[in-house]
Amino acid sequence: MEFGELLDNSCLVNPVYAIISAQKEARKLLKNALKSVATRADAEILLLRPKEAWQGDLSCSVCFELARTLKKSPKEIAEEVARKVNENHKKIFVEKCEPVNGHLNFFFSPAFFEAALKEIRKGKGDFGRLKLGRGVALVDYSHPNVGKPMHVGHIRSTILGDSIKRLLSFSGYKSVGFNYLGDSGSQVAKLVLAMQKFKDLPEMTNEKSMLDYYVKINQEIEADAALNEEARGILERIEAGDEKTLREVERIREVSMKAFERNYGLLGIVFEEVTGESAFVNDAKKRVVEAVKKGIAIREADGTVIVKLEPELPNTVLMRSNGTTLYLTRDLALADYKWKNYKFALNLYVTAAEQNLHFQQVFKTLEKLGREYCRKCVHIGFGLLFLEEGKISSREGRVVFLEDVLNNARELAKEEIKRTCEYDAQMIEEISTKVGIGAVKFALLRITPEKNISFDLKRVVSFQGDTGAYVQYTYVRASNILRKALEQRTSPGRRPLKALAINDAEKNLVRALADFPIAVESAAKQFRPHILCDYLLDLSNSFSAFYDACPVLKAETLEERNQRLLIVEATKTVLGNGLRLLGIEAPERM
Ligand code: ARG
């Protein structure tokens, strides 16, 4: 779903970027031209990037659609329309229109390329910023479970959520990162039990020693059903708010939180609010009462409360017969809490696709409870993450720690950097952190959320291919050119393009740069950062082609050199902005 469908954004004014003006202009020219060739000119005008061989900047295939009603060939119509467009003198960013086998190809004027470069130079870190909406956009993401290690399974939510949050901030919203820890599941109860039982194990101080406790208690529970009952009793005491038990939970939460924070530190991620399921136990019970009162849920003879969602969705339990609430019930209370505190314009949840049904049920129940805000709630479910190491099970101690993955990525990046450059130790440390962590993020973000990811760290960190390191490397190449130019005391000029012809490699690159706001818009509207990853990879390729075809520091004339420096500077700006929206740092050297 797009949030464009959710909200009334009609009163918002987006900044006007050259690419958007150029598209508008082309559309208007086309409409006018069509009026004089066709009586019915209401065919949909779709403007796309032309095939490369055709060279133009925008292409339209509307003539194929018109051919049937006009009883002429698309080729004939295209030729007529193009002539009309070219006769029109009100052209600023569109230079000409060429008919190619029934398609219409628009070519942008030098004024367009100049305007695009100017706006990037002026906009800097803000180039691409949009106003797609306003108000608070809550992003519920990462949300690891207390008492369990933060394993790679959580990394996708953490990284995807962070990028979505950044995209929404860049699009006009006030983004709020919300971390809703799973701190009241059976794993916490089992760990409390383990703490009481295993006095001889080394103290539980980090997530690894915690895992030892967890594995051991699971083994013993398996062998002894009475222990399982004990754990269940603890869970009930947590639900009932028993103080002594809650203090023990608090200790476990502290140990977990320290580990989570180390990971967030490595990833450069901050949350505006951190809370946990346990905080919503009491409110959840009130929602159960409300649901029964409103007649949307029924209390069965044994005390179980079930909310009726059929036929659209399966019914589900709101309260067990022993009076305890469920994950879903607590999510009802949480949603109310978020609404009360933030009056959000958007409320997103980023979790594994396993929870698709869960969130459908949560939103449906909210609707039945009469919560208008349920229309502003969106769940983004993503696929699984596979490592070469195989499937994860914390119960059996088969866990890949996120921290280890991140550190391995840094090590791999370090090897690569040491092989190719000679920097001092501190510099190498700094660069390999940016590259290693950035590579992991990029590899996860560039896959469509719905798809599963199988993840080979070596390939992920490679400087070649469709990787984050490749994009970062492109950024560094641009930086290097600018640094050298500065050493030679020449910086990008102030008078771009006007007097000068712009060649195809330059045009391709500048047009790609100008497209950035469009990439931001579709990534933000669809909550899909991979659109931005694709864009940055394409942009990096355009830069390589430009770099091969156009000498910059060794350009033939001063004007040409100035113009190209300006293009290089713009490339650096846009790559930097794009990486930032993915939560990836751009190194100056690597
Ligand atoms: N802690 C949960 C898990 O690991 C995810 C929580 C998602 N957020 C929510 N509001 N339900 O599965």
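Before moving on, here are some points about what is shown:
A quick yes/no check of all residues on (1) in a helix (DSSP H, G or I); (2) more than 28 Å from residue 379 (Cα to Cα):
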{"site": "147", "(1), (2)": "no, no"}
{"site": "159", "(1), (2)": "yes, no"}
{"site": "162", "(1), (2)": "yes, no"}
{"site": "165", "(1), (2)": "yes, no"}
{"site": "196", "(1), (2)": "yes, yes"}
{"site": "208", "(1), (2)": "yes, yes"}
{"site": "211", "(1), (2)": "yes, yes"}
{"site": "229", "(1), (2)": "yes, yes"}
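- Flag for residue 262 being within 16 Å of the ligand (Cβ to nearest atom), in a helix (DSSP H, G or I), open to solvent by 10 Å² or more (accessible area, probe 1.4 Å) and within 25 Å of residue 351 (Cβ to Cβ): no
- Residues being assigned to a loop (DSSP other than H, G, I, E, B), among the basic types (Lys, Arg) and within 16 Å of the ligand (Cβ to nearest atom) are entirely absent from segment 131-145.
- The residues on offer are 286, 376, and the sole one that is on the phi < 0 side of the Ramachandran plot and either aromatic (Phe, Trp, Tyr) or within 16 Å of the ligand (Cβ to nearest atom) (or both) is 376.
- Applying the set (1) in contact (Cβ under 8 Å) with a residue 60 or more places away in the chain; (2) more than 18 Å from residue 473 (Cα to Cα) to residue 531 leaves exactly one unmet item: (1).
- The single condition among (1) aromatic (Phe, Trp, Tyr); (2) at pLDDT below 95; (3) in contact with a Gly (Cβ under 7 Å, 6 or more places away or on another chain) that residue 271 does not meet is (2).
- Taking segment 33-48 as the range and being modelled with pLDDT of 80 or more and surrounded by fewer than 16 Cβ atoms within 10 Å (Cβ to Cβ) as the test, the residues that pass are 35, 36, 46, 48.
- For residue 335: the one exception among (1) farther than 30 Å from residue 215 by Cβ; (2) among the small types (Gly, Ala, Ser); (3) away from the ligand (no atom under 16 Å from the Cβ); (4) under 28 Å from the mean Cα position of the chain (by Cα): (3)
- Segments classed as helices (runs of 4 or more DSSP H), wholly inside segment 319-436, with at least 3 members that are under 26 Å from residue 152 (Cα atoms) and without any contact (Cβ under 8 Å) to a residue 40 or more places away in the chain: 356-368, 402-420
- Unmet requirement for residue 113, which otherwise passes all of (1) of a type outside the set (Gly, Ala, Ser); (2) open to solvent by less than 40 Å² (accessible area, probe 1.4 Å); (3) touching a Phe, Trp or Tyr at 6+ places or on another chain (Cβ under 8 Å): (3)
- Residues satisfying the criterion are absent from segment 240-250 (criterion: assigned to a helix (DSSP H, G or I), small (Gly, Ala, Ser), under 30 Å from residue 348 (Cα atoms) and open to solvent by less than 50 Å² (accessible area, probe 1.4 Å)).
- The listed residues are 45, 77, and the only one of them that is β-branched (Val, Ile, Thr) and in contact (Cβ under 8 Å) with a residue 40 or more places away in the chain turns out to be 77.
- Scanning segment 272-287 for residues that are open to solvent by less than 40 Å² (accessible area, probe 1.4 Å) and out of contact with any Leu (no Cβ under 8 Å at 6 or more places or on another chain), we see that the one that is nearest to residue 162 (Cα to Cα) is 273.
- Checking segment 499-518 against the condition returns no match, with no residue being open to solvent by less than 20 Å² (accessible area, probe 1.4 Å), at pLDDT below 90 and outside any helix (DSSP H, G or I).
- Criterion: away from the ligand (no atom under 16 Å from the Cβ), surrounded by fewer than 18 Cβ atoms within 10 Å (Cβ to Cβ), over 30 Å from residue 215 (Cα atoms) and over 20 Å from the mean Cα position of the chain (by Cα) - qualifying residue of 360, 464: 464
- Within segment 293-317, residues that are free of Cβ contacts under 8 Å to residues at least 12 places away in the same chain have Cβ atoms under 6 Å from residues that are assigned to a loop (DSSP other than H, G, I, E, B) in these pairs: 315/308; 315/309, counting only partners at least 6 apart in sequence or on another chain.
- Filtered residues of segment 416-436 (kept if under 30 Å from residue 380 (Cα atoms) and in contact with a Lys or Arg (Cβ under 7 Å, 6 or more places away or on another chain)): 433, 436
- Residues (out of contact with any Lys or Arg (no Cβ under 9 Å at 6 or more places or on another chain), among the charged types (D, E, K, R) and surrounded by 13 or more Cβ atoms within 10 Å (Cβ to Cβ)) located in segment 288-329: 290, 299, 320
The values are calculated or read from the model by the stated rules, or taken from the named source; none is laboratory data. As the structure is a computational prediction, the values presented were derived from the model and not from experiment. Glycine gets a Cβ as well: all are built from the backbone with ideal geometry, and neighbour counts include every protein chain shown. Areas reflect the complete protein model, heavy atoms only, side chains present, ligands, DNA and RNA absent. Shrake-Rupley method; radii C 1.70, N 1.55, O 1.52, S 1.80 Å.
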